[in-house]
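Enquirer: Dropping the structure in here first, questions after.
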Amino acid sequence: MRLWVLVLLVLCGLNLYGQPEEQKPASPVVPPPEHTGPDPSRLRLVTGVQAGGYLASMLALNQMWYSDHPRSSFHFHDDLPDWKQLDKMGHIASTYHIGRISAKTFRWSGMNPRRSATFGSLYALALLTTVEIMDGFSAEWGASVSDLAANKIGAGSFLLQELAWEQQRIGIKYSFRPSGLEQYRPDLLGDGFHENLLKDYNGMTFWASVNISSFLDAGSSFPSWLNLAVGYGADGLLGSRSNPETYNGQPLPQLERYRQWYLAPDIDLSKIQTGNPFLNNLLSTLNFLKMPSPALEYNAVEGWRFHWVFF
């Protein structure tokens, strides 16, 4: 949960200065003006906001989370087998989107696309690496090598796409639906919908959303906003590595733990232009959410399933 608290704090702060992503015309008539470098006053503002956001986020996270848990000497903990690796997907999605929004603020300052993408990715890595260091000094957790690797994958997936294509053709997204399992372990899976969103991995799905039109010729009539997404989730998780037999002295259902794979259409909100800069910026920021749609699912327990509307 502490990871999601950090993400919400950072995204809300950075979005104040993020600008809507520019839409590249299919066939420009006039070449863009030569880049003249960042505006000094905007760059100072962005740098100050990002540095202040980093410090404020770490202080808030320490107060909201770590201060209530015992400390220890720095150590590592292998949590790769936990939660069918869905927590790793959370790290990938977090660094991807923090890097994406951070890069937008640097672009607003006038920094060129490659450099802004690099600084945005480094900012995301710095934030999540600090969280791992704080975990390392917590007696209940520990720094995780697999978390560090997932952070690099998330930041790298954003940066490499910017360097190769100067756009995000494959976005990483998140969706949630109530699993119904939180009733058995409210301490672990959340007590109430607002906590379930952050803690119940059974209801989370992470997606790789591919913008098809970006891989087609410039003259293609394929809708620029229509994506195809591949999703990953899991179900039957009443514990991180295995399910306990009882909770507070009451027997728990013996559920099979299994992975789920999905294929579904999606909407790229960053491609929708409303004519209102604020709305464009809001839609671009909300592009971390997978839109509800029909979906095809496969899992080892039930085989193939079709959902008319899947969240």
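Enquirer: Compute the long axis of helix 40-64 from its Cα atoms, compare it with the longest principal axis of the Cα atoms of the chain, and write down the angle in degrees, 0 to 90, nearest 10.
Expert: Approximately 0 degrees, to the nearest 10.
Enquirer: Only loop residues by DSSP count here, and only those with at most 15 other Cβ atoms within 10 Å; note down the GluC sites (Glu not before Pro) in region 98-178 that meet that.
Expert: Passing sites in region 98-178 are Glu140, Glu166.
Enquirer: A follow-up question, please. Please give, to one decimal in nm, the separation of the simple spin-label points placed at Trp165 and Leu59, each 7 Å out from Cα toward the Cβ.
Expert: 4.0
Enquirer: Arrange the following residues from fewest to most other Cβ atoms within 10 Å of their Cβ: His69, His77.
Expert: In order of increasing Cβ crowding within 10 Å: His69, His77.
Enquirer: What do you get for the angle between helix 86-108 and the principal long axis of the chain? Use alpha-carbon atoms, 0 to 90 degrees, nearest ten.
Expert: Compared with the principal axis, the helix lies near 20 degrees.
Enquirer: Give the relative contact order (percent, whole number) for the chain; include only Cα pairs under 8 Å separated by 6+ residues.
Expert: Here the relative contact order equals 17 percent.
Enquirer: Starting from the Cα of Ser41, move 7 Å in the Cα-to-Cβ direction to define the label point; list residues of region 96-131 whose amide nitrogen is under 17 Å from there.
Expert: The answer is 108-111, whose backbone nitrogens lie closer than 17 Å to the label point.
Enquirer: Quick check on region 188-283: take the gyration tensor over C-alpha atoms, sort the square-rooted eigenvalues as a ≥ b ≥ c, and tell me if it's rounded (a/c under 1.5), prolate or oblate. Before the final figure, lay out each step's value.
Expert: Details: a/c = 5.79, a/b = 2.23, b/c = 2.59.
Oblate shape, in that a/c is at least 1.5 and b/c is the bigger or equal ratio.
Enquirer: Right, another one. State whether the chain is rounded, prolate or oblate according to the following rule on the C-alpha gyration tensor (a ≥ b ≥ c being the square roots of its eigenvalues): a/c under 1.5 gives rounded; otherwise a/b larger than b/c gives prolate, and the remaining case gives oblate.
Expert: Oblate is the answer for the chain, as a/c is 1.5 or above yet b/c matches or exceeds a/b.
Enquirer: Find the Rg to Rh ratio for region 53-159, where Rh is the Kirkwood radius over alpha-carbon pairs and Rg uses the same atoms.
Expert: Value, to two decimals: 1.02.
Enquirer: What residues of region 94-111 lie in the reach of a label at Ala51, counting those whose backbone N is under 16 Å from a point 7 Å from the Cα along Cα→Cβ?
Expert: 106
Enquirer: Can you work out the FRET efficiency for the pair Ile133 and Ser240, with r the C-beta to C-beta distance and R0 = 25 Å, to the nearest 0.05?
Expert: Once rounded, the FRET efficiency stands at 0.70.
Enquirer: Right, next: Could you tell me how many degrees, from 0 to 90 and to the nearest 10, lie between the Cα long axis of helix 145-165 and the main elongation axis, the longest principal axis, of the Cα atoms of the chain?
Expert: Between the helix axis and the principal axis of the chain, the angle is about 20 degrees.
Enquirer: Please work out the FRET efficiency for the pair Ser67 and Leu226, using the Cβ-Cβ distance as r and a Förster radius of 51 Å; give the result to the nearest 0.05.
Expert: That gives a FRET efficiency of 0.65.
Values quoted throughout were computed directly from the atomic coordinates according to the rules given, and no laboratory measurement underlies them. Predicted model only: the values in this text are computed from it and were never measured. Every residue, glycine as well, gets a Cβ built from its backbone with ideal geometry; the counts of neighbours run over all protein chains shown.
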